[in-house]
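Okay, structure first, notes after.
Only the coordinates and a few stated rules stand behind these numbers; no lab work does. Computed from a prediction, not measured in an experiment: that's the story for all the values here. Note: ideal-geometry Cβ built from the backbone for every residue, glycine included; neighbour counts use all protein chains shown.
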Amino acid sequence: MPNLTKRLTKLRHQLSALNLDALIIPRADEYLGEYIPEHNERLRWISGFTGSAGVVIVLQDRAVIFVDGRYTVQVHKQVPGDLFEVLHLLDDPHLPWLASSLEAGARVGVDPRMHPYRWYQEAEKTLGGAGIELVRTDENLVDACWDDRPDPRVATALLQPESLTGRSSLDKRGEIGASLAGQGADAALVFAADS
């Protein structure tokens, strides 16, 4: 069992060094997909929780994990209750909870790569309305503490044969290009690494 107390202490030192009152840690990585590789399982590293959805907020004097109803039993089995308070993600949404838990003038750290832009706008509005500053960190603070973080898995992309795909990659990319041109676009951004 990992020593979550040491991990939280190390992370809180990072918060202090940056004059932050809290840090928001979603179960996400920079690709914002459902499937996260082992080396990006930051929520699991800090809390021990292995579910596919959740948010941890670490403050100097407490830590809270927010999960939805699918994980009510699991979170209590995996996450130490003496280190983390458990709240329901829908009944107690994390942004309003944080806005009511901190005083005006507080600073909340966030790695902006881990959140969709719409979430970021909502966070600025909700926290800003309470006089709380949302601070983009230059690096991911969990990564800065994670000494034994696994190396990213690197593998060669495989081109599947047409017998499995039905059409060649060249044909598919040509169709996408024609569709983009028909819409007056020069490019398409694909964010899902597995698409």
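List of remarks:
- Dividing the summed -39500 (n - 2.57) terms of all DSSP H runs of n ≥ 4 by the residue count of the chain sets its mean residue ellipticity at 222 nm at -10000 deg cm²/dmol.
- Each of 101, 79, 25 was scored by the projection of its Cα onto the charge dipole of the chain, and the greatest displacement toward the positive side belongs to 79; charges sit on the C-beta of Lys, Arg, Asp and Glu.
- Residues 101, 179, sorted so that the one with the fewest Cβ neighbours within 10 Å comes first: 179, 101
- For the stretch 45-143, the set of GluC sites (Glu not before Pro) satisfying both a DSSP loop assignment and a count of at most 13 other C-beta atoms within 10 Å is given as 103, 139.
- With R₀ fixed at 25 Å, the C-beta to C-beta distance from residue 124 to residue 60 puts the FRET efficiency at about 0.70.
- Whole-Hz ³J(HN,Hα) from phi, Karplus 6.51 cos²θ - 1.76 cosθ + 1.60, for the stretch 25-30, glycine and proline x: 10, x, 8, 7, 10, 5
- Among 163, 16, the ranking by other beta carbons within 10 Å of each residue's beta carbon, starting with the fewest, stands as 163, 16.
- Of the trypsin sites (Lys or Arg not before Pro) in the stretch 149-182, the ones in a loop by DSSP (not H, G, I, E or B) with at most 14 other beta carbons within 10 Å are 153, 167.
- Per-residue ³J(HN,Hα) for the stretch 134-147, Karplus 6.51 cos²θ - 1.76 cosθ + 1.60, θ = phi - 60°, Hz, x for Gly and Pro: 8, 10, 6, 7, 6, 9, 6, 5, 5, 4, 5, 9, 7, 5
- A DSSP coil position with no more than 15 other Cβ atoms inside 10 Å describes the following trypsin sites (Lys or Arg not before Pro) in the stretch 59-130: 62.
- Student exercise, the stretch 4-145 dipole from Lys, Arg, Asp, Glu Cβ charges, in Debye to nearest 20: 260
- Residue order, fewest to most beta carbons within 10 Å, for 71, 35, 120: 35, 120, 71
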